[in-house]
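**Student:** Have a look at this one.
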Amino acid sequence: MQLISQNPKQQMLQKQIESASKEELTLMLYEGGIKFLNQAIIALEKNDIVKANNLILRTEDIVREFQLTLDHKYAEISKPLDQLYDYMHRRLVEGNLQKDVEILNEVLGMFREMRDTWKEAMKLAKAAA
């Protein structure tokens, strides 16, 4: 689906998304979560509560997307991931309600660790192919 009034940056992102593999889309979601949380923390530090709230909600959406797309055929992997995503979501809600940068930094660290692990897995899979 393409929006008619996209600026060049949006058009480029749209093309990236349309041509990305599932693995690349997952990486993009991790990167998005990191970006939004970084921006939310900065917004909170500037006391821009509305902006912080919107960015945290976008991050919550990413976490929910991860949960919705888990393949439950592989319970040994999907069950702990689901529990982790649930914890991340609860912490995001708590951090948003309390406007607590420490809580957001905790979730940010989780996003970074998961992104780095995902990047390494992509490299290993590519090397094995």
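Only the coordinates and a few stated rules stand behind these numbers; no lab work does. Just so you know, these numbers come straight off a predicted model, no measurement behind them. Cβ: placed from backbone, ideal geometry, glycine included. Neighbour counts: every protein chain shown.
**Student:** Out of the residues in segment 34-89 that are touching a residue at least 40 places away in the same chain (Cβ under 8 Å), of a type in the set (A, V, I, L, M) and in contact with a helix residue (DSSP H, G or I) (Cβ under 7 Å, 6 or more places away or on another chain), which is surrounded by the most Cβ atoms within 10 Å (Cβ to Cβ)?
**Tutor:** Checking each candidate, the answer is 40.
**Student:** Please enumerate the residues belonging to segment 100-111 that are surrounded by fewer than 16 Cβ atoms within 10 Å (Cβ to Cβ) and closer than 19 Å to residue 50 by Cβ.
**Tutor:** Once the filter is applied, which keeps residues that are surrounded by fewer than 16 Cβ atoms within 10 Å (Cβ to Cβ) and closer than 19 Å to residue 50 by Cβ, segment 100-111 yields only 100.
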